[in-house]
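Worksheet: one structure, shown below.
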Amino acid sequence: MESSSSAHGQELVSDPDTEEEQEQLCTQFADITGSDVALARFYLQRNGWRLQDAINDYFESNQDDISTGENQTPGVSPAAQAAAATPGSTSKAASLDAPTISEQHLGPAGQVMSSTSSEQAAKTSSNQSAPVTAGLMLLTWNIDGLDERNILERTKAVCNIINSLYPDVVFLQEVIPQTFAYIEAKCDRYKSITSGTGQYFTAMLLRKSSITFNSQNIHPFPTTQMMRNLLIVKARFGSVPLCLMTTHLESTKDHAAERKRQLQKVLGEVMEQDQSDTVIVGGDL
């Protein structure tokens, strides 16, 4: 295990060489903070596996949110928000690509509106029969299921964040059969849909309390070499008809031409949808 000195001359652990050493640090963090191992790994990675720095970061993050109330989502713990919102990590061994979170407001005809315009429409449209719908929250995340390192622990963290944020729609990429079975079981407030059952695939989660599922279709990419396709789901958000599309386009520089062909196909599918639908496209593009 390598070590480095902090600014105060303290000997601190940096990038543990073995999974056993990482687990020991995660256990110590969880015992001290009263949190769980998945959250421990997040803070330790963010602080270069320096235990004391990670603990300080954890308590400072929670104290700042409690004292100021800033940037806090109702019903979501500050720690869960930090884990979901902070991009990247210092160790690839068990890192999770940061999810992308988007909130949109849909007007009476399904048009996308900003928070301000949505509030104004609510005040000025009292003579309209269709009320303004509350904002829709969407999360898209490549969960890196092809990397087998700490796969169960990372999948548990994915489920914890999804259940904490409780978005209306979740797009997932690089899902494998084992992780999908776990996510489906632990995120049981969602309807789960996949684009396949092979080595890896994309998936979509629809919050049962806010999204009504209508239908699904899988559109293959004929020339893909990586088993990529486009998952299209028709649903409703209140009175607003939705067309939800998620995909994982061909990867790496060597396959740029194929990635462009796939994106053109996605855009073509967007143009073919009914004009009354609100079309949302997301994924690993």
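The values are calculated or read from the model by the stated rules, or taken from the named source; none is laboratory data. Remember, it's a predicted structure, so these values are computed and weren't measured experimentally. Every residue, glycine as well, gets a Cβ built from its backbone with ideal geometry; the counts of neighbours run over all protein chains shown. Remember, those area values only see protein heavy atoms, side chains included, never the ligands or the DNA or RNA. Shrake-Rupley method; radii C 1.70, N 1.55, O 1.52, S 1.80 Å.
Mind ranking R154, R207 by accessible surface for me, highest first, 1.4 Å probe?
Sorted descending by solvent-accessible area, the residues read R207, R154.
Per residue, how large is the accessible surface of the stretch 132-181? Use a 1.4 angstrom probe and give square angstrom. Please list the in-between numbers first.
Values: 1590 Å² over 50 residues.
Accessible surface, normalised per residue, equals 32 Å².
R189 to A257: extension gain in nm, 0.36 nm per residue of separation minus the Cα-Cα distance? Write down the numbers at each step before the final one.
Numbers: separation 68, 0.36 × 68 = 24.48 nm, distance 3.91 nm.
Full extension from R189 to A257 adds 20.6 nm.
Using r as the Cβ-Cβ distance of D147 and K208, and R0 as 30 Å, what FRET efficiency do you calculate, to the nearest 0.05?
Taking R0 as 30 Å, the efficiency between D147 and K208 is 0.50.
By how many nm would the segment from M271 to T197 grow when fully extended, if each residue of separation counts as 0.36 nm and the alpha-carbon distance is taken off? Let's see the in-between values first.
Values: separation 74, 0.36 × 74 = 26.64 nm, distance 2.80 nm.
Fully extending the segment from M271 to T197 adds 23.8 nm.
Please work out the Cα center distance from the stretch 180-218 to the stretch 227-255, rounded to the nearest Å.
What the calculation gives is 12 Å, centre to centre.
Report the Stokes-Einstein translational diffusion coefficient (µm² s⁻¹, integer) for the stretch 139-285, Rh taken as the Kirkwood radius over Cα pairs, at 10 °C with viscosity 1.306 mPa s.
Once the numbers are plugged in, D ends up at 101 µm²/s.
Give the carbon-plus-sulfur fraction of the accessible surface of the stretch 149-253 in %, rounded to a whole number; probe 1.4 Å, heavy atoms of protein chains only. Mind dumping the intermediate values first?
On the way: 2210 of 4240 Å².
The value for the stretch 149-253 is 52 percent carbon and sulfur by accessible area.
Would you tally the net charge around D188, using a Cβ to Cβ cut-off of less than 14 Å, leaving D188 out, and scoring K and R as +1, D and E as -1?
Around D188, the charge tally is +4.
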